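Everything below concerns the one structure shown next.
The values are calculated or read from the model by the stated rules, or taken from the named source; none is laboratory data. Just so we're clear, the structure is a prediction, and the values are computed from it rather than from any experiment. So basically every Cβ, Gly included, is an ideal-geometry build from the backbone, and we count neighbours across all protein chains shown. Accessible surface areas use protein heavy atoms only, side chains included; no ligands, DNA or RNA. Shrake-Rupley method; radii C 1.70, N 1.55, O 1.52, S 1.80 Å.
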Amino acid sequence: MKTVYLDNNATTKVAPEVLNDIMPYFHDLYGNPSSAHTFGGQVGKEINKAREQLGDLLGASPEEIIFTSCGSESDNTAIMSALSTETGKTNIVTTRVEHPAVKALCGHLTKIGYSVTEIPVDREGRLDMERYRESLTPETAIVSMMWANNETGVIFPIEEAAQMAKERDILFHTDAVQAVGKIPINLKNSAIDMLSLSGHKLHAPKGVGALFIKKGTKFSPFLIGGHQEKNRRGGTENTTGIIGLGKACELAAKNIDVENTKVKELRDKLEKNILSIVPNSRVNGGEAERLPNTSNISFEFIEGEAILLHMDEFGICASSGSACTSGSLQPSHVLRAMGVPFTMAHGSIRFSLSIYNSEEEIDFVIEKVPPIIEKLRSFSPFWKKEAHA
Ligand code: PLP
């Protein structure tokens, strides 16, 4: 059975060009970049090339980039660094819809004496800028706000938010894990102090990420060890991951146009058709500015998990907005923060596309999904009630 992979916000396939470039560094060129000999040194050169490739994509200089193990590490590093350098300040401003890499860390920090202010969003997932403005206080050590939401794709006005923090001398970090490679980013004259990204979201391997730290920003390392990354992140480098991330960034710079034309067209086609065929369905965040590849659709009166299982039988991969891992089948905190009604939030599916998806695949999904919804609704007592209302 063919796999139709529409779960690219969870992870992406490694680009063939990336795979090709990194293979020699697993066997022939396995030196340690910190070694004094030429054999290791040549790997060090490739790491610096990757730093330049990241800088080119982000409009940053190579010295402003440090490599990490993932987006979560980058997020943790940025926030913990601010709490260490901004002595005496004990407040973190963030949003209600962050990824657990920020949200769970903030939850942990509240238990050890820090205060966290979570800015609400509206029904479309847009940030309440007035509340944000009011929340910035002299006690605020850092603002940590995602650039684009992983579940809905909703984009926050990051530059405006960063500017407001800068005017008050507050550090500003953005989790741009879902934004990098999908929308243009230019940090050259930006007010952003730190930015996180993750390799496996943009066709590089898993286990590598990066943190942009604006020149002149006070910084305290999170992983303390050797002298790697100019003492900013200890630990022997994930050489293949880093070299792959560099290449993936080079490709992403070229493919941003494809993301915003072909990928967006396919996403829009999927949405338009599903919504017109399936009654009581809705795009979450559909009125807001969104990533070109993401569509979060709620199907009222049925369970997202059940939809996923049925799609899986046709090889269609997506994600649901409810997490049954806790056993409670709670809808996601993102949809709850948006005030999506319970009956809608439970039946939400996130489709996330990439440049590797084809129109045939989208047509296949448009053909298969509506009958699945109809079948599941035929078992739903809530749907029967609605149909007879
Ligand atoms: N931030 C966002 C917005 C994400 O979507 C993710 C991953 O889904 C992360 C952070 C964590 O990235 P990683 O899996 O590289 O730790």
* Structure fact -> If amide H atoms are modeled at 1.01 Å from N in the peptide plane, then the residues at a separation of 5 or more from Val4, or on another chain, having amide H under 5 Å from its own are Ile316, Cys317
* State to the nearest 20 debye the size of the charge dipole of the range 16-252 about its Cα centre, where the only charges are +1 on K and R beta carbons and -1 on D and E beta carbons. => 300 debye
* Structure fact -> Check: C-alpha center the range 208-228 vs C-alpha center the range 361-389, spacing in Å is 49 Å
* If we count every other residue with Cβ under 10 angstrom of Thr174's Cβ, Lys/Arg +1 and Asp/Glu -1, where does the sum land? -> -4
* Quick one: angle between helix 100-111 and the longest Cα principal axis of the chain, in degrees between 0 and 90, rounded to 10, please. => 70 degrees
* Flagged links, alpha-carbon separation over 25 Å, of Lys214/Lys264; Lys166/Lys254; Lys103/Lys214; Lys182/Lys247; Lys269/Lys368 -> Lys214/Lys264; Lys166/Lys254
* Net charge over other residues, Cβ less than 11 angstrom from the Cβ of Phe382 (K, R count +1; D, E count -1) -> 0
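Per DSSP H run of at least 4 residues, take -39500 (n - 2.57); add these up for the chain, divide by its residues and hand me the 222 nm value, nearest 500 deg cm²/dmol.
Values: 14 runs with 156 residues, N = 389.
So the helix-based figure for the chain works out to -12000 deg cm²/dmol.
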* 5 angstrom amide H check on Leu171, placed H, neighbours 5+ away -> Val143
* Tell me, which longest segment in the chain has none of the trypsin sites (Lys or Arg not before Pro) that fall in DSSP loops with at most 10 further Cβ atoms within 10 Å? -> 3-187
* Structure fact -> For the range 10-55, averaging the sequence separation of alpha carbon pairs under 8 Å that lie six or more residues apart and dividing by its residue count, the contact order in percent is 21 percent
* Structure fact -> Relative contact order as a percentage, the range 41-199, C-alpha pairs under 8 Å and 6+ apart, gives 24 percent
* Asked: Looking at the chain, what % of its DSSP beta bridges pair antiparallel, to the nearest 5?
  -> 55 percent
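Using alpha-carbon pairs under 8 Å, 6+ residues apart, how would you state the relative contact order of the chain in percent?
Answer for the chain is 22 percent.
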* Asked: Do any GluC sites (Glu not before Pro) in the range 62-150 lie in a DSSP loop with no more than 13 other beta carbon atoms within 10 Å, and if so, which?
  -> none
* To do: Go through the range 154-160 residue by residue and turn each phi into a ³J(HN,Hα) via Karplus (6.51, -1.76, 1.60, θ = phi - 60°); whole Hz please, and just put x for glycine and proline.
  => 4, 9, 8, x, 5, 5, 4
* Asked: Counting only protein heavy atoms, what percent of the accessible surface of the chain is carbon or sulfur at a 1.4 Å probe?
  -> 54 percent
* Please give the per residue accessible area of the chain, computed with a probe of 1.4 Å over protein heavy atoms only, in Å². => 43 Å²
* Spatial separation of Cα centroids for the range 31-96 and the range 3-20, in angstrom -> 23 Å
